[in-house]
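Shown next, in structure tokens, is the structure this report addresses.
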Amino acid sequence: MRLETKRVYEEAARSDGKRILIDRLWPRGRSKEAARVDFWAKAIAPSNELRQWYQHDHAKWDEFRARYFAELDANPEGVAALRAEIGSGTTTLLFGSKEERFNNAAALCEYLEARAEG
């Protein structure tokens, strides 16, 4: 399993492998054709409450990650479905935020890699 992250607004590339959108809301102004999303994993996106609380405030990053990881731990079916979609090749987790470093894709990537099976 090789995970990458990328803004959904960037052009798709062959090197992206499977493209999985991990936001709860569809990205504004991006058509399904242009986004080239293979799977929309909205079931594992941060809750609306968490997303609205965080608002990409870097000072809240550690707490955001802890709360998001707790949400993921409480959603084993959603995480299992995502793992099944990821498979063994390259997968790019797509996000809509302008924040390229402190976002749910980076947190989810960290979560999945820390809990990699085998």
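The numbers here are math on the coordinates, done by the rules we state, and not lab data. Remember, predicted model here, so these are calculated numbers, not experimental data. Reconstructed Cβ throughout: ideal geometry from the backbone, glycine too, with neighbour counts over all protein chains shown.
Please report, in whole Å, how far the alpha carbons of the chain spread along each principal axis, starting with the longest.
Principal-axis extents of the chain (Cα, largest first): 37, 35, 21 Å.
Could you calculate the contour length gain from R14 to K32, that is, 0.36 nm times the residue separation minus the distance between their Cα atoms, to one decimal place in nm? Mind dumping the intermediate values first?
Numbers: separation 18, 0.36 × 18 = 6.48 nm, distance 1.70 nm.
This chain segment gains 4.8 nm when fully extended.
7 Å from Cα along Cα→Cβ at both N75 and T90: what's the point-to-point distance in nm?
According to this spin-label approximation, the distance is 2.7 nm.
How about region 1-51: which GluC sites (Glu not before Pro) there lie in a loop by DSSP and see at most 15 other Cβ atoms within 10 Å?
Working: sites: E4, E10, E11, E33, E49; in loops: E10, E11.
Listed in order of number, the matching sites are E10, E11.
Between A66 and E110, what is the label-to-label distance in nm when each label sits 7 Å out along the Cα-to-Cβ direction?
1.2 nm
Helix-derived [θ] at 222 nm for the chain: sum -39500 (n - 2.57) over DSSP H runs of at least 4, divide by residue count, nearest 500?
Working: 5 runs with 46 residues, N = 118.
My calculation for the chain gives -11000 deg cm²/dmol from helical runs alone.
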